[in-house]
Every structure is written in structure tokens, then in C-alpha cells.
Amino acid sequence: MPSPFPGMDLYLEGEMFQEFQHTLANQISKQLLELLWPKYVALLSRRTVIARTPLPYEAATITRPAAQLASLVPEEVPVLSVEVRDVANRRLVTVIEILSPVNKMGEGALEYADKRLALMGTSVHLLEIDLLRLGQRLLFESDPPPADYYVYLSRFTKRPITEIWPIGLRERLPVVPVPLLPPDADVALDLQRAVDACYDLVHYERLLDYTAAPPPPPLSEADAGWVAETVSSSSVGQ
């Protein structure tokens, strides 16, 4: 059963996002492997980010009832990215990052900003896919067009210029270029095809509660109405 939405399924932005991020990285790698071989390869790269999540903590005294506080407990969160490398020398050519809550908020955002800055000083292309409405956006000298989702491409041959694809909630996800080493031509990554493959593989319609309100941030009145109508008119709303 396909997603009820034409592009990104905003219900995936909740507690299911970490699983979705991993599945999407696998599907992107799979799609690119068909296009890159035999000169290049698309490999999964795993790293661990420390996130601090609040857990309940009771501060008790003899004479007073316990007070409920929040204790920030470090949690190791695995994050997957895709690395395009040339087969002959195993040189890192392009990094594809799927932004997640852990690298868009708090200390994780600062850590990701440091990693991103380090990559900008190398001869490596950086393709960033932001399918989360919540959290910090990447900063530029001027604001990009307003949108719900973004794809950013920084070619090392054109820095500091960044190509940007703004994507609306009601739009299909784009086909974006994945640059290689000069003089090789870009290959095309079909993001909608990759997301649809994730949905077909995991069957998110069985895991997501489409009767609940969408994950934050809140939608505009017009978008909320469109989401409700889209869900109710689809098979998941029956």
C-alpha cells in the first residue's frame, strides 16, 4: 500500500524517523549502486551521536512530597549516511547526509555543524536531505525560499555556492544530481522513488497512527485541512 501523500509522509517525522532514516539511507545506496558501477560505489557509513534526552527524576525530602524534575541522560544514537567512493582508489567523492532530529537540535546540531564545516574545506561534494520540518535549518547569507523540506548540494568545485531545492508538503520529492569526480557526469537520485521504496518495504501504513495529529511543528490551517482530507480520502483513512 503506498503512502497517502504525494511526497514526504509527514507522519514519519515522529518517533519512526530514526528507523526511516536508516531505511532511506539503504534505499539511496541501493539506487545509486545501479548507476555508479563499475567506476564508483555507494557505501553506508555509520556513526554514533550523543543525544541528551530528559528522563524523570524525583527530588525527595523527608518533610515534602517528591518534586518531579528532568535529568538529561546521554543516549547513543546511530546515524547512517551514504558515501560515494571511487573504486580504484577508494577516494571519498560525495557524502549524502539525511538530516535527523539528533543533528538538527541541541548539542547534536553543533556537532553536525562542525562536521559540515570540516567537509567544506575538502574536495568532497556534500548532498544534504532535510525531510524534517522541526529543528534548525542550515544557515546561508540569504534565506532560501520558504518550504517544508529542503535538499542542499554543495559541489566542491563551486563553493561557497550551494544549490537548493525547496519542497512543499504537497509536492513530490525531486530528482537531484549526485556529482562525481570531474569530468564524469552527475548521476540522478530519484528521492521520491527512494522514499516510496522505504514505504513498500516496511509498510509504514501499519505502524503510523493516521488518526492522531501529525508530529510537530503545527501546520497552517490550510495545510492541516489538506492533510486531513488526504488521509480521509486514502486507503489508510478507511
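Annotations
- Residue by residue, segment 89-96 carries 3J(HN,Hα) couplings of 10, 6, 6, 6, 10, 9, 10, 10 Hz when phi is fed to the Karplus relation 6.51 cos²θ - 1.76 cosθ + 1.60 (θ = phi - 60°); x denotes Gly or Pro.
- Projecting label points 7 angstrom from Cα along Cα→Cβ for GLU75 and SER220 puts them 3.3 nm apart.
- Unit charges at the beta carbon, dipole of the chain: most positive-side option, LEU43, LEU110, ALA222: LEU43
- When each of the peptides 215-221, 14-20 is scored by the mean number of other C-beta atoms lying within 10 Å of its residues, the order from highest to lowest reads 14-20, 215-221.
- Additional length obtainable on full extension of the chain from GLN136 to VAL175, 0.36 nm per residue less Cα span: 11.6 nm
- When you count the other C-beta atoms within 10 angstrom of each residue and take the mean per peptide, 24-37, 108-121 line up highest first as 24-37, 108-121.
- Segment 196-238: translational diffusion in µm²/s, Stokes-Einstein, Kirkwood Rh over Cα pairs, 25 °C, 0.890 mPa s: 213
- When THR94, THR162, THR23, THR157 are arranged by Cβ crowding within 10 Å, least crowded first, meaning fewest neighbours, the order is THR157, THR162, THR23, THR94.
- Kirkwood-based Rg to Rh ratio, segment 82-128, C-alpha trace: 1.05
- Under Stokes-Einstein, with the Kirkwood radius over Cα pairs as Rh, the value for segment 112-189 at 10 °C and 1.306 mPa s is 117 µm²/s.
- Label-to-label distance, LYS39 versus ALA88, with points set 7 angstrom from Cα along the beta-carbon direction: 0.9 nm.
- Computed over segment 107-238, the range of Cα coordinates on each principal axis works out to 51, 30, 26 Å, biggest value leading.
- In units of the compact-protein estimate 2.2 N^0.38 Å, segment 146-209 shows a Cα radius of gyration of 1.41.
- Span-like helix ranges in the chain, DSSP H, alpha carbon extent 15 angstrom or more, Kyte mean at least 0.0: 191-202, 221-232
- Under a model in which nothing but the beta-carbon of Lys, Arg (+1) and Asp, Glu (-1) is charged, the chain shows a dipole of about 760 debye around its Cα centre.
- Counting neighbouring beta carbons within 10 Å and listing from fewest to most, the residues ARG172, ARG47 come out as ARG47, ARG172.
- Summarising the overall dimensions of the chain from its C-alpha atoms, the Rg and Dmax are 19.9, 76 angstrom.
- When each of ASP209, ASP130 is scored by the number of other beta-carbon atoms lying within 10 Å, the sequence from fewest to most is ASP209, ASP130.
Read the figures in this text as sums done on the coordinates, not as results from a lab. Everything quoted here is computed from the prediction, not taken from an experiment. FYI the Cβ positions are ideal-geometry reconstructions off the backbone, even for glycines, and counts take in every protein chain you see.
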